[in-house]
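Structure below; questions to follow.
The values are calculated or read from the model by the stated rules, or taken from the named source; none is laboratory data. Because the structure is predicted, anything quoted here is derived from the model rather than measured. Methodologically, a virtual Cβ is constructed for each residue, glycine included, from the backbone with ideal geometry; neighbour enumeration extends over all protein chains shown. Protein only, heavy atoms only, side chains kept; ligands, DNA and RNA dropped before computing areas. Shrake-Rupley method; radii C 1.70, N 1.55, O 1.52, S 1.80 Å.
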Amino acid sequence: MKIKTICCIGAGYVGGPTMAVIAQKCPHIKVTVVDVNASRIAAWNDNDLNNLPVFEPGLDSIVKEARGRNLFFSTNIDQAIEEADMIFISVNTPTKTYGKGKGMAADLKYIELCARQIAKVAKQDKIVVEKSTLPVRTASAIKNILDNTGNGVQFQILSNPEFLAEGTAVQDLLNPDRVLIGGDTTKEGQAAIQTLVDIYANWVPKERILTTNVWSSELSKLTANAFLAQRVSSINAMSEICEKSGADIDEVARAIGMDSRIGPKFLKASVGFGGSCFQKDILNLVYIAKTYGLNEVADYWEQVILMNDHQKNRFSDNIVSTLYNTVSGKKIAFLGWAFKKDTNDTRESPAIKVAYNLLNEQANIAVYDPKVVAERMYADLDYLNTRTEAVNRSLLTVDTDPYLVTKDAHAIAVLTEWDEFKYYDWQRIYDSMHKPAFIFDGRGILDKKALEKIGFVCYTIGKGS
Ligand code: UDX
Ligand code: ADP
């Protein structure tokens, strides 16, 4: 089957960039991205490319090239489904906040809604592709809904998990380590797989396109994220030992990373991992293991999350104890709120937990982040539901000038590894702060020796004092 029209349900951090790249690389295919969120779609259609809802280096020029040519953003979901030969489902699958599996299992209600909508609208055969990260065997649930509630048309379900990392999404999509496509082992399933392989083959070398059965594909996504998160928790566990013992975590990471079996990537100690995937996917894995009665497996992976929580908490505890056991009424400047650099995404950002802990200690927090808007930060705090919105706005202020944010502060906490932080006029910042002026570098990006020479009292994750 030759695909002429694609629809993607969900215009988020995955759906938006992925479809932009498919549209750029396949000008012969019409790609329509739809979403229930009208303001998100309006932002994707904004003439000013600075207003795209997702910030990713390089994304604006791809959208500029393809939008209006063969890339469209719309709220007319039914029309896009009806027109499409292939439908990607790229909606959010957050951790359940209620009922069975609360706090662990993935909430599939948005996926189910999509499946029901596709079943209702589709009048000709379609290939449905799961892009969202999903628990194993979701594809069969989708198929069940489609087959039992549809208009008698044939659906093939594929699993095509997305491995892009935010901040490098465009590069990851243009030059992926691998593309994974899972499908049925039947003749029709294999034909559907081939159809999707042909789309990626427009720019991805064939040997990097892997095909598997559906369940292997679904489980591989959870496994990849669990392994990556485990590396971060492992290096973070070592960072605490380094601080106590006088070893240097960057030196340790370099030494072990040169072992080709370990490799150098994902060994940067930090205040903790964030992002929409790691925690959610591990919790999901833990839940799956528990439902199979595999309690040791569940405990093993859960420890990765516990270590991450510990890392965030010990970072804020250290700020409080270093500032003579009280931050009440003291201004603490946050550099960074995003969960990593080069993204405006804040989901599960360690900054939120550190802010929460320090606000409980009655600190006043001032935040600067180059890409995250104030409304997003307040929404993150309001979501915690611990204070009224008005109180959150009085205790945490946001500014677009890092020099104003750090002025009169007792301490600075670096929560995101934005490159620009390295190049600030640190003498000027020091002069404007209360003394002693403390810096807590939760990302290990600043030059500790240079800062100490200026006069700062400097704590860096994984480095003894
Ligand atoms: C992750 C996976 O990398 C990606 O393949 C999957 O599709 C989605 O989840 P993402 O969450 O966007 O991507 O970013 P990633 O680069 O993996 O970073 C996740 C978190 O780990 C960030 O908070 C980052 O700061 C932290 N991290 C990463 C570290 O603290 N140290 C490291 O060495 C690497
Ligand atoms: P991700 O990082 O996985 O892309 P996001 O939360 O950024 O997750 O994006 C998911 C998008 O899916 C959101 O914009 C949300 O409005 C959209 N969405 C969720 N359910 C539906 C649905 N039933 N129909 C259309 N869009 C949906």
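At a 1.4 Å probe radius, carbon and sulfur cover how many percent of the accessible area of the range 278-460? The partial results should precede the final answer.
Working: 4080 of 8010 Å².
Its accessible area is 51 percent carbon and sulfur atoms.
For the range 98-156, what is the convex hull volume of its Cα atoms per residue in Å³?
Numbers: hull volume 5.0 nm³, N = 59.
Per residue, the Cα convex hull of the range 98-156 comes to 84 Å³.
Let me ask another. Which residues does a label at A165 reach in the range 394-432, if reach means a backbone N under 15 Å from a point 7 Å past the Cα toward the Cβ?
Residues passing the 15 Å test: 417-419.
Between D431 and N360, what FRET efficiency follows from the Cβ-Cβ distance if R0 is 45 Å, with the result rounded to 0.05?
On the way: r = 31 Å, r/R0 = 0.68.
That pair, D431 with N360, gives E of 0.90.
Given Cα pairs under 8 Å that are at least 6 residues apart, what percent is the relative contact order of the range 278-460?
19 percent
Would you mind checking the range 284-302 for residues with the amide N under 13 Å from a putative spin-label position 7 Å along Cα→C-beta of A237?
299-302
Taking the 0 to 90 degree range and rounding to the nearest ten, how far is the long axis of helix 15-25 tilted relative to the main principal axis of the chain, both from C-alpha atoms?
60 degrees
Taking R0 as 51 Å, what FRET efficiency do you get between D46 and E251 from their Cβ-Cβ distance, rounded to the nearest 0.05? Before the final figure, lay out the partial values.
Working: r = 46 Å, r/R0 = 0.91.
Working from the Cβ atoms, E equals 0.65.
Can you give me the % of accessible surface on the range 5-204 that is carbon or sulfur? Probe 1.4 Å, all protein chains present, nothing else counted. Working shown, then result.
Values: 3830 of 8050 Å².
Result for the range 5-204: 48 percent of the exposed heavy-atom area is carbon or sulfur.
How big is Rg to Rh over the range 372-465, alpha-carbon atoms, Rh as the Kirkwood inverse-mean-distance radius? Mind dumping the intermediate values first?
Details: Rg = 14.7 Å, Rh = 14.6 Å.
Expressed as Rg/Rh, it is 1.01.
Could you give me the radius of gyration and the Dmax of the range 278-460, taking only the C-alpha atoms into account and expressing both in angstrom?
17.5, 59
Per residue of the range 312-320, what does 6.51 cos²θ - 1.76 cosθ + 1.60 with θ = phi - 60° give for ³J(HN,Hα)? Whole Hz please, x for Gly and Pro, Karplus curve as stated.
5, 5, 6, 5, 6, 4, 5, 4, 4
Another question, if that's okay. So which chymotrypsin sites (Phe, Trp or Tyr not before Pro) in the range 356-465 are both in a DSSP loop and have at most 16 other Cβ atoms within 10 Å of their Cβ?
Numbers: sites: Y356, Y368, Y378, Y383, Y403, W418, F421, Y423, Y424, W426, Y430, F438, F440, F456, Y459; in loops: W418, Y424, F456.
Those satisfying the criteria are Y424.
Please give the net charge around V14, taking every other residue with its beta carbon less than 15 angstrom from that of V14, where Lys and Arg add +1 and Asp and Glu add -1.
Details: positive: R40, K131, K221, K280, R347; negative: D35, E56, E130, E162, E166, D172, D281, D345.
Local charge sum for V14: -3.
With 27 Å as the cut-off, how large is the P(r) tail for the chain, expressed as percent of Cα-Cα pairs? Can you show the working numbers first?
Details: 62157 of 107880 pairs.
So the pairs more than 27 Å apart make up 58 percent of the total in the chain.
As a quick test, which of the pairs K221/K371; K2/K206; K4/K123 have an alpha carbon distance above 20 angstrom in this structure? Please report the intermediate quantities before stating the final value.
Working: K221/K371 28 Å; K2/K206 18 Å; K4/K123 16 Å.
Beyond 20 Å: K221/K371.
Same structure again: Over the chain, calculate the relative contact order: mean separation of alpha carbon pairs under 8 Å at least 6 apart, over the residue count, as a percent. Working shown, then result.
Numbers: 899 pairs, mean separation 55.9, N = 465.
12 percent.
So for the range 5-204, what percent of the C-alpha to C-alpha distances run longer than 27 Å? Don't skip to the answer; put the middle values down first.
Details: 5185 of 19900 pairs.
Here the tail beyond 27 Å accounts for 26 percent of pairs.
Express the accessible area of the chain per residue in Å², computed with a 1.4 Å probe while the remaining protein chains stay in the model. Let's see the in-between values first.
Working: 20650 Å² over 465 residues.
Averaged over the residues of the chain, the accessible area is 44 Å².
Quick one: what does P(r) look like for the range 347-408 with 5 Å bins over all Cα pairs, in whole %?
4, 18, 32, 27, 15, 4, 0
Can you list residues from other chains, or at least 5 along the same chain, whose modelled amide H is less than 5 Å from the amide H of V398?
V367
Name the lysines eligible as straight-distance cross-link partners of K64: C-alpha to C-alpha under 17 Å, and not fewer than 8 places from it in the same chain.
K25, K30
Given Cα pairs under 8 Å that are at least 6 residues apart, what percent is the relative contact order of the range 5-204? Could you put the intermediate results ahead of the total?
Values: 360 pairs, mean separation 41.4, N = 200.
Rounded, it is 21 percent for the range 5-204.
How long is the gain from D401 to Q117 if the chain were fully straight, where each residue apart is worth 0.36 nm and the alpha carbon distance is subtracted?
Working: separation 284, 0.36 × 284 = 102.24 nm, distance 4.58 nm.
Gain on stretching D401 to Q117: 97.7 nm.
Continuing with the same structure: Mind giving me the nanometre distance, one decimal, between the label points for I262 and H28, set 7 Å out from Cα along Cα→Cβ?
It works out to 4.9 nm between the two label points.
Please report, in whole Å, how far the alpha carbons of the range 264-319 spread along each principal axis, starting with the longest.
Here the spans come out as 41, 27, 20 Å, largest first.
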